[in-house]
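Each value in this text was obtained by applying a stated rule to the coordinates, not by laboratory testing. What you see is a predicted model; the values in this text were computed from it and never measured. Glycine gets a Cβ as well: all are built from the backbone with ideal geometry, and neighbour counts include every protein chain shown.
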Amino acid sequence: MLYLGIETSCDETACALVEDGRKLISGRLISQTEVHKAFGGVVPEVAARRHLEVFNGLLNEMFEEACLKLSLPLRGDNENGLLAQIGAVACTNGPGLIGTLLVGLAGAKTLAWALEKPLLAVDHIQAHVCANYIDSDLEPPFVALVVSGGHTQIMHFSSYKEFAVLGQTLDDASGEAYDKVARLLGLGYPGGPAIDKLAATGNPRAYNFPEGRVEGLNFSFSGLKTAVMRTMENHSGVLNTADVAASFQDAVNRVLFKKTVNCARELGLNRIVLAGGVAANSDLRRRFSELSEAGTYRVYRPPLSLCTDNAAMVASAAFFSGVPAPLSIGAYSRGA
Ligand code: KG4
Ligand code: ZN
């Protein structure tokens, strides 16, 4: 069964067709990074307009690619057309920017109505986790570390449909911390990939930045950001920005790694899943790879293209845990 996924929660317009939640048949994505770079961050109104401009073209390209791959005509009779093979239309309806979410949601509603398929509304955070089902044998139960521009959470997935948030950030999200520190270092937007690159040439032990002392499985990154700011204000001589980037990255990843592994150990689970844009970070991936190689834990992480926002994860989430939604469903900006 093919599920059509649509994602427009921030600055990526994406659509994808996924078979049985695991196999990506066809996917298209346009990132607006270049558009927002000049503003130093995502401008919601600009993002929504851009989604509108590219949405239809992107869908057409995705359908064309799927027809070629599956040797199916787009239309055709009930058994022979690609559209007949689609089981549901899935779309992210939050959390995210309301204006951008509504573009994807309007498109999804229109398609669901026109094709007479169920509409499935998908939570963006859950979808990030489900990126790990694509091309993999992952099954619950597992512990998930979700690290994105807007969220930092440790979750326990006890089944495909049941999950609990066991810890989260009390202030900035980890991706937000990357973006803010990158701005301080003059690295521009988006900050995560820039810090990742610069940190590779720096010394992670040059500065002893605080991890953010919060009890249990919660996180705090605002103190770390302030510590980086103080260091930059108070230094004498030439500041080695690569050392600052490496030390900052080390402080973030150290605490993310430690708390996730603690959680898995306490729950007696040996499967750990990474998800979200910050899961693309090479130092974080290396830490978890080494853990996986040590043998006790099996670590799953999406390929880089499925760490950041995409539509394949939306289709996968809908397949495994989607709930049919009325065509009147709205979008929401923040998680529960
Ligand atoms: O999941 P995502 O694409 O969008 C949200 O749902 O927020 O995550 C975007 C975030 C941004 O903060 C970006 O700086 C961060 O992920 N990011 C990274 C890397 N690539 C993207 N952070 C650290 N290292 C990276 N390589
Ligand atoms: Zn995201």
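Taking R0 as 51 Å, what FRET efficiency do you get between K197 and L70 from their Cβ-Cβ distance, rounded to the nearest 0.05? In this case the efficiency is close to 0.85. Entry note, the chain: relative contact order of 24 percent, from Cα contacts under 8 Å with a spacing of 6+ residues. Placing dummy labels 7 Å off each Cα toward the beta-carbon, the span from N208 to E79 is 7.3 nm. Helices in the chain, meaning DSSP H runs of at least 4 residues, each add -39500 (n - 2.57). Divided by all residues, the mean residue ellipticity at 222 nm is -14000 deg cm²/dmol.
This ranking places M232, M1, M313 by how few other beta-carbon atoms lie within 10 Å of each, fewest first, which gives M1, M232, M313. Each principal axis of the Cα cloud of the stretch 93-168 was evaluated for its coordinate range; sorted largest first, these ranges are 38, 27, 21 Å. Expressed in units of 2.2 N^0.38 Å, where N is the residue count, the Cα radius of gyration of the stretch 47-153 is 1.24.
Between R49 and T296, full extension at 0.36 nm per residue minus the direct alpha carbon distance yields a gain of 84.1 nm.
Both radii are taken from the alpha-carbon atoms of the stretch 167-253; with Rh as the Kirkwood radius, Rg/Rh is 0.95. For the stretch 138-301, the percent of C-alpha pairs falling in each 10 Å distance bin, counted from 0 to the bin holding the largest distance, reads 11, 41, 33, 13, 3, 0. Counting 0.36 nm for each residue step from Y160 to N240 and taking away their Cα separation leaves a gain of 24.2 nm.
Applying both filters, DSSP loop and at most 12 other Cβ atoms within 10 Å, to the GluC sites (Glu not before Pro) of the stretch 1-106 gives E79.
Taking all C-alpha pairs of the chain, those more than 36 Å from each other amount to 21 percent. Of all beta bridges that DSSP places with both ends in the chain, some 60 percent have antiparallel geometry. Backbone amide hydrogens, once placed in the peptide plane, bring F221 within less than 5 Å of L170, D171, D172, excluding anything fewer than 5 places away on its chain. Shown here for the stretch 167-240: trypsin sites (Lys or Arg not before Pro) in loop regions (DSSP other than H, G, I, E, B) with at most 16 other Cβ atoms within 10 Å, namely R205, R213. Distance check, please: which entries in K109/K180; K23/K180; K117/K259; K37/K259; K180/K258; K161/K197 exceed 30 angstrom between their Cα atoms? Pairs exceeding the cut-off: K109/K180; K23/K180; K117/K259; K37/K259; K161/K197. For the pair E266 and E116 in one chain, pulling the backbone fully straight at 0.36 nm per residue adds 49.4 nm over the alpha carbon distance.
For the stretch 12-108, relative contact order (Cα pairs under 8 Å, six or more residues apart, normalised by length) works out to 24 percent. Overall, the chain carries a charge dipole of about 620 debye about its Cα centre when +1 sits on the Cβ of Lys and Arg and -1 on the Cβ of Asp and Glu, all other atoms neutral. Can you give the local net charge around E45? Use residues other than it whose beta-carbon is closer than 15 angstrom to its beta-carbon, Lys and Arg +1, Asp and Glu -1. Neighbourhood net charge equals 0.
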